[in-house]
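The values are calculated or read from the model by the stated rules, or taken from the named source; none is laboratory data. Computed from a prediction, not measured in an experiment: that's the story for all the values here. Every residue, glycine among them, receives a Cβ derived from its backbone with ideal geometry; neighbour counts consider all protein chains shown.
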């Protein structure tokens, strides 16, 4: 089972498998696998026909392949403390203060990201990796509310295929009510 970068690199280098064949064993495609390797600072050497770590420090061999979201998707709020250069003395009317407070509250309400605890995320990744890699069945489903939007956001944030997330969710539902 391929869970960590070390497992992946060993499979690629020792067993001589290609990215294309390894991607078939994982719940995401070849392109995403290449992006994960590039983001972890691994590169392919044509001279040795092997993957190697080209970053600084120690290779992330023990890190989970899907253990953290992409950096550009991780939103951070600016610091609440201002420097002296940033502070400007301005007097606002009570109406302006109310309007500013309203805008700030709306911004903060929309800026907060629903973050999954790491232990739950690791469990989810383990369940995805344990899914059988067999031919799936196609079906068109109609969903109500924003369930599909939520699944798409979770898939983007965790780099897990939507089909794998839906499979796990439906499996849990059937196990509970069957």
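Pull out all pairs, ordered by first then second residue, where Cβ-Cβ is under 9 Å, the residues are six or more apart or on different chains, the first lies in the range 39-51 and is free of Cβ contacts under 8 Å to residues at least 60 places away in the same chain, and the second is loosely packed, with under 10 Cβ neighbours inside 10 Å.
39/71; 41/56
How many of the residues making up the range 131-168 are more than 10 Å from residue 27 (Cβ to Cβ) and loosely packed, with under 13 Cβ neighbours inside 10 Å?
Residues that pass the stated criteria total 16.
Go through the range 151-178 and count every residue that is under 17 Å from the mean Cα position of the chain (by Cα) and either free of Cβ contacts under 8 Å to residues at least 12 places away in the same chain or assigned to a helix (DSSP H, G or I) (or both).
The first filter runs over the range 151-178 and keeps only residues under 17 Å from the mean Cα position of the chain (by Cα), leaving 151-166, 168.
Right, trim to either free of Cβ contacts under 8 Å to residues at least 12 places away in the same chain or assigned to a helix (DSSP H, G or I) (or both) and you get 151-158, 162-166, 168.
Result for the range 151-178: 14.
Rundown of residues vs (1) at pLDDT below 85; (2) closer than 28 Å to residue 166 by Cβ; (3) surrounded by 17 or more Cβ atoms within 10 Å (Cβ to Cβ), yes/no style:
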residue	(1), (2), (3)
3	yes, yes, yes
6	yes, no, no
11	yes, yes, no
16	yes, no, no
24	yes, yes, no
34	no, yes, no
50	no, no, no
67	yes, yes, yes
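Filter the range 36-48 down to residues that are outside any helix (DSSP H, G or I) and under 27 Å from residue 165 (Cβ atoms) and give me whichever is farthest from the chain's Cα centre (by Cα).
Going through the range 36-48, the residues outside any helix (DSSP H, G or I) turn out to be 40-48.
Now drop any that are not under 27 Å from residue 165 (Cβ atoms), which leaves 40, 42.
Numbers: 40: 14, 42: 18 Å.
So the residue we want is 42.
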